[in-house]
Amino acid sequence: MLLNGTGDVIDDYEYPATTEELIEEHGDRTLELPNGSETVAEVLARLESETFENPEDARFAIYGAVSDKAIGRVGYSDRDPTPVGSPYTPDAVSF
């Protein structure tokens, strides 16, 4: 997900760093997602202000704050049955 060199600049940045510092320095970088794109500024703006101690913390924050453009089908899981009453329940089909 961190394409266009964004992962490299996050790794090379001097830590500790705040959310605001990363937005100021790298906010215009584009993250290419499976269903569109977002900038680092858009993603980090969803978070409260925090201080990242290392690049891994910053990466995980970005991974956790991307929108649903980063996932395939919203609400889909091939591992668990759809809960009763879920808005994602498929229509019943009779064979």
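Below are the figures for this structure:
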{"item": "Acute angle (nearest 10 degrees) that the helix 55-65 long axis makes with the longest principal axis of the chain, alpha-carbon atoms", "result": "40"}
{"item": "Rounded D (µm²/s) - the chain, Kirkwood Rh over Cα pairs, Stokes-Einstein at 20 °C, 1.002 mPa s", "result": "142"}
{"item": "Cleavage-rule hits (chymotrypsin sites (Phe, Trp or Tyr not before Pro)) in the range 23-86: DSSP loop, at most 12 neighbouring Cβ within 10 angstrom", "result": "Tyr76"}
{"item": "Computed [θ] at 222 nm, deg cm²/dmol, the chain (DSSP H ≥ 4; -39,500 (n - 2.57); rounded to nearest 500)", "result": "-8500 deg cm²/dmol"}
{"item": "Within-10-Å neighbourhood charge of Val40 [Cβ basis; K, R +1; D, E -1]", "result": "-3"}
{"item": "GNM flexibility winner over the chain from Ser37, Ser49, Ser67 (Cα, springs under 10 Å)", "result": "Ser49"}
{"item": "Longest segment of the chain lacking GluC sites (Glu not before Pro) that sit in a DSSP loop with at most 11 other Cβ atoms within 10 Å", "result": "54-95"}
{"item": "The range 9-95: trypsin sites (Lys or Arg not before Pro) falling in loop per DSSP and having at most 11 other Cβ within 10 Å", "result": "Arg73, Arg79"}
{"item": "Average Cα contact separation per residue, the range 6-70, under 8 Å, 6 or more apart, as relative contact order %", "result": "40"}
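Values quoted throughout were computed directly from the atomic coordinates according to the rules given, and no laboratory measurement underlies them. Computed from a prediction, not measured in an experiment: that's the story for all the values here. Note that we place each Cβ from the backbone using ideal geometry, even for glycine, and neighbour counts take in every protein chain shown.
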